[in-house]
1. Within the stretch 253-449, what is the number of lysine pairs with alpha carbons under 13 Å apart, leaving out pairs fewer than eight places apart on the same chain?
2. What spacing in nm lies between the two simple spin-label points modelled at Ala116 and Glu234, each 7 Å away from Cα in the Cβ direction?
3. In the chain, how does Rg compare with the Kirkwood Rh, expressed as the Rg/Rh ratio over alpha carbon atoms?
4. Could you give me the ³J(HN,Hα) list for the stretch 127-138, computed from phi with Karplus coefficients 6.51, -1.76, 1.60 and θ = phi - 60°, whole Hz, x at Gly and Pro?
5. Amide H neighbours of Ser66 under 5 Å, at least 5 residues apart or on other chains, H built in the peptide plane: list them.
6. Describe numerically, in nm with one decimal, the distance between label points set 7 Å from Cα along Cα→Cβ at Leu591 and at Thr552.
7. With the cut-off at 1.5 for a/c, could you classify the stretch 32-123 from its C-alpha gyration tensor as rounded, prolate or oblate?
8. Once each part is reduced to its C-alpha centroid, what is the distance from the stretch 391-405 to the stretch 70-137 in angstrom?
Amino acid sequence: MCGIVGYIGPKEAVPVLLSGLSRLEYRGYDSAGVAALSGGRIQVAKARGKLSNLVEKLKGGAPKGSAGIGHTRWATHGEPSDINAHPHTGASGRVAVAHNGIIENYLQLKEELGKAGYAFISQTDTEVIPHLIEECLKAEAGLLPAVVRALSKLRGSYGLAILDAQTPNCLVAARRGSPLIVGVSAEGNYIASDIPAVLPYTREVYLLDEGEIALVFEDRVEIHSAEGKRVEKELYTVTWSVDAAERGGYSHFMLKEIFEQPKALRDTLVPRVRRGSIDLSEAALSDEDLKGVSRVVLVACGTASHACLVGKAAIEKLARVPVEWDIASEFRYRDPILSPDDLCIVVSQSGETADTIAAMRLARERGCKVLAVTNVVGSTIAREADRVLYTWAGPEIGVASTKAYLTQLLCLYLLAIQLAFDKGLVSEEDYALYLRELETLPDKAETILSSTEPMRRAAELFHAQKDIFFIGRGLDYAAAMEASLKLKEISYIHSEAMAAGELKHGTIALIEPGSLVVALSTQGLVADKLESNIQEVRARGAQLLCVTYGDTDLREKLADQVLRIPRTVDLFAPLLSIIPLQLFAYHCAVLRGYDPDKPRNLAKSVTVE
Ligand code: F6R
């Protein structure tokens with residue numbers, strides 16, 4: 001998704017902007033640009049493709065000045081091109097703007113501005129903004145009132161960094177629907193769409209709230225409401241390190257993050273387990289609250305929705321509470337049946353996914369209490385939900401979600417166990433047993449990661465496959481969905497996840513000699529049934545890769561390759577069975593020559609519908 005950086009201070013702006021943009025590369029983008037202001041003139045440089053293309057271009061002469069804005073663009077309106085890249089300037093060149101989000105009424109504004117004589121050169125929605133601000137500057141005395149007036153005419157979402165050639169001592173940042181922070185340091189101040197962009201320079205940041213506008217001077221920051229009224233705001237101190245946001249010796253962020261999973265699990269679990277019981281008081285979830293829950297609605301997108309599938313199974317099995325599961329983009333438009341007694345749980349790594357935000361707002365409008373499970377402190381979802389349970393996974397940079405998924409599962413298991421206990425459906429012994437088992441899982445994850453050669457070997461054998469089918473039953477089916485997504489999104493091998501019993505109702509027609517089927521087999525209750533499904537595909541010549549416990553006695557020749565995980569209670573198996581398959585997906589991608597951190601067409605945080 002697009003990234004924004006801005007700087008004003010004693011240093012030359014462009015090198016600072018480029019370093020910030022490079023830290024936002026992980027968000028996914030297809031062009032980049034910078035603008036800087038000096039001698040009352042804004043200069044802009046932009047290039048399609050990677051940031052390195054822009055750096056190359058700048059060797060021929062970079063914009064000069066100690067105030068500037070930069071952007072990495074992920075195309076929505078108009079193809080990726082130099083012209084469509086941001087920053088965009090107004091007709092007179094007075095104002096430059098970098099924008100994240102989508103302006104929904106841009107066609108109407110474009111027509112109005114066109115009639116007033118403004119010529120458009122790009123296909124973007126963004127270009128209306130600098131023109132509009134220039135138009136408003138004619139009617140208003142000063143940049144802030146002009147920005148307030150211009151923003152009041154925009155419909156849609158934006159995070160904006162604005163440069164005005166006639167106000168050289170200040171940058172403007174504005175937020176509605178797209179995250180933005182302002183970093184504060186003794187050597188100038190910064191604007192960014194994401195904290196890692198400013199971490200080398202400062203840990204002190206303002207997290208802008210919806211509608212806020214910041215005037216960012218070299219030596220101070222003024223925050224205003226959407227109406228231009230001064231707002232007092234506290235600085236937030238970032239506690240995680242720059243190092244945590246960098247690769248730390250691993251060849252890719254994804255690999256680093258897979259290996260960080262034992263720590264992420266520990267960090268998420270330890271603060272919630274005190275003296276043998278689960279403590280969810282940080283989310284203001286009391287035993288009384290949980291006792292009163294009669295129905296749960298789980299909503300998310302992508303990987304987070306797969307975590308919700310596991311959450312649904314765990315909550316229903318343990319707490320016997322009906323759970324509705326949906327993907328946010330469907331939920332928000334299907335007029336869901338919701339009641340104030342429902343607990344709606346939205347799960348989102350970034351806390352900024354547009355569809356999940358909309359689903360959350362809808363649930364709140366209908367009177368539901370919303371609990372957010374998210375990884376990003378200060379994100380929109382964290383701030384708007386009634387209650388928040390953080391997944392302490394640390395920053396997840398790789399586009400493919402790994403450690404965030406595991407910690408989402410863990411939070412949902414904790415909720416399921418506590419809900420069941422509060423409803424009197426789990427005995428003290430079973431409660432203690434579940435907790436003890438959860439406490440062993442970080443070590444068990446470490447055991448899997450201590451011997452990754454089988455996953456690499458499996459990838460070597462199978463990375464040239466055209467299609468791969470993942471099958472499982474019950475919780476193995478939920479984990480298979482995630483394993484299949486992981487593989488396809490980074491290796492570009494077509495894959496499908498099937499409930500194993502459903503295979504023979506159609507998809508088995510695709511199985512032919514040499515096809516690869518990956519079977520997840522951790523659920524004792526349906527192990528025999530799964531074995532029959534495996535036999536069905538074996539009989540049609542399929543090769544078989546199986547993920548199962550270390551001590552499972554697999555019938556001779558049932559699988560060509562086996563990836564073993566330590567035994568756990570079947571309910572928690574998805575926390576372990578996904579790890580070898582994340583690594584399988586990772587190695588397939590690398591062996592096929594792709595960068596798993598930057599899968600094509602994908603973005604880390606999907607802030608558009
Ligand atoms: C896939 C992946 C995506 C995200 C989805 C939701 O590996 O990461 O499917 O899970 O875009 O994102 P969040 O969790 O940020 O709401």
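The values are calculated or read from the model by the stated rules, or taken from the named source; none is laboratory data. Being a predicted model, the structure only gives us computed values, none of them experimental. Neighbour counts are summed over all protein chains in view; Cβ atoms, including those assigned to glycine, are modelled from backbone coordinates with ideal geometry. Note: accessible area is taken over every heavy atom of the protein model, side chains too, but ligands, DNA and RNA are not part of it. Shrake-Rupley method; radii C 1.70, N 1.55, O 1.52, S 1.80 Å.
1. Values: Lys256/Lys403; Lys263/Lys403; Lys263/Lys444; Lys291/Lys423; Lys317/Lys423.
Lysine pairs, 8 or more places apart or on different chains, close enough: 5.
2. Taking the simple label geometry, Ala116 and Glu234 are separated by 4.1 nm.
3. Values: Rg = 25.6 Å, Rh = 25.5 Å.
On the Cα set of the chain, Rg over Rh gives 1.00.
4. So the Karplus estimates, Gly and Pro as x, are 4, 5, 5, x, 4, 4, 5, 4, 5, 5, 5, 5 Hz.
5. So Ser66 has HN proximity to Ala13, Leu37.
6. Each label point lies 7 Å from its Cα, and together they span 2.1 nm.
7. Oblate shape, in that a/c is at least 1.5 and b/c is the bigger or equal ratio.
8. One Cα centre to the other: 33 Å.
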